[in-house]
Ligand code: GAR
C-alpha cells in the first residue's frame, strides 16, 4: 500500500478531494494528515473520514522535532502540501527527496513566493488585469514555489471577474487535477 501524508493549514478542500479519491483504493491510502493550525477544518475532515490527524507547533516542526520523526517512521511515498502555509525546512526535503509536492493557485513562476497564497494571489492577478490564471503542481525545494513543475492547468479570466470569481475557477481546476496527478505520480 502506498502512503500519502497531507500537510494542510486551512479548510482542506484539496485534502478532501485526495481523501475521497483513494478512500476505496487497495493500492494508495492517505495515512496521516498534519496541520500547523489546531483549529483548521481539515482536521475535522480527517476525523470524519477516520484518518489519523494531528496539529503541531513550530517547536515540533523544527529539526529533530516530533514531525521529523513521525515522517521518518511513516515513510510516506508522497508528502502532499495542500494549502500548507509554512516553508518546508531543508532537512525535511533531504529526508524525503522528490517526495514532497505542492499545489499553487497560479501559473508559476508568476504570482509565487512569500506571501503569495490563497486570495492574495487571486487579488494580485485581478489587479494586474491578467487574461488567464491557473494552477501549478510542483515538487518542493528550499525556495517558495520554485521546484520542478509536474503539471499546470489554466483558466481564462473574463473582464468582469472578481478575485472571488477567480478563486472559484481555481478551485474547480484543483478539484479536477490534484488528486488525479497524485494518482499518476504513485502509479
Ligand atoms: C488552495 O487554493 C491552494 O492552491 C492554496 O491554498 C488553497 C487551500 O485551499 N495554496 C497556496 O496558496 C500555497 N501557496 P484548501 O484548504 O481548501 O485546500
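Just so you know, all these numbers are worked out from the coordinates, no wet-lab data involved. As the structure is a prediction and not an experimental result, all values here were calculated from the model. Using ideal geometry, Cβ is built from the backbone for each residue, glycine included, and neighbour counts are taken over all protein chains shown.
Roughly speaking, what % of Cα-Cα pairs in the stretch 81-187 are separated by over 15 Å, rounded to a whole number?
61
Could you give the alpha-carbon Rg of the stretch 30-118 over 2.2 N^0.38 Å, rounded to two decimals?
Its radius of gyration relative to the 2.2 N^0.38 Å reference: 1.12.
Rounding to the nearest 10 and keeping the result within 0 to 90°, find how far the Cα-based axis of helix 118-127 lies from the longest principal axis of the chain.
20
Provide the gained length on full extension for the span residue 75 to residue 119, in nm with one decimal, where the gain is 0.36 nm per separating residue minus the Cα-Cα distance.
Between residue 75 and residue 119, full extension yields 12.5 nm more.
Find the all-direction average of the projected area of the Cα convex hull for the chain, expressing the result in square nanometres with one decimal place.
Directional mean of the projected Cα hull area for the chain stands at 9.9 nm².
Angle check, please: helix 13-22 long axis (alpha carbons) against the longest principal axis of the chain (alpha carbons), in degrees 0 to 90, nearest 10.
It works out to around 60 degrees.
Determine, from the Cβ-Cβ distance of residue 131 and residue 20 and an R0 of 22 Å, the FRET efficiency 1/(1 + (r/R0)^6), rounded to the nearest 0.05.
It comes out at approximately 0.10.
Obtain the nm distance between the two label points defined at residue 29 and residue 172 by a simple spin-label model: each point lies 7 Å from its Cα along the Cα-to-C-beta direction.
The two pseudo-label positions are separated by 3.5 nm.
Test of understanding: in a Gaussian network model of the chain with alpha carbons linked when under 10 Å, which of 77, 98, 158 would top the mean-square fluctuation ranking?
The residue with the greatest mean-square fluctuation here is 158.
How would you order 134-144, 4-14, 53-63 from highest to lowest mean count of nearby Cβ atoms within 10 Å?
In descending order of packing, they fall as 4-14, 134-144, 53-63.
How far, in nm, would the chain grow between residue 58 and residue 164 when pulled straight, counting 0.36 nm per residue and subtracting the alpha carbon separation?
35.0 nm
Please give the helix 163-186 orientation as an angle from the longest Cα principal axis of the chain, in degrees from 0 to 90, rounded to the nearest 10.
Around 40 degrees separate the two axes.
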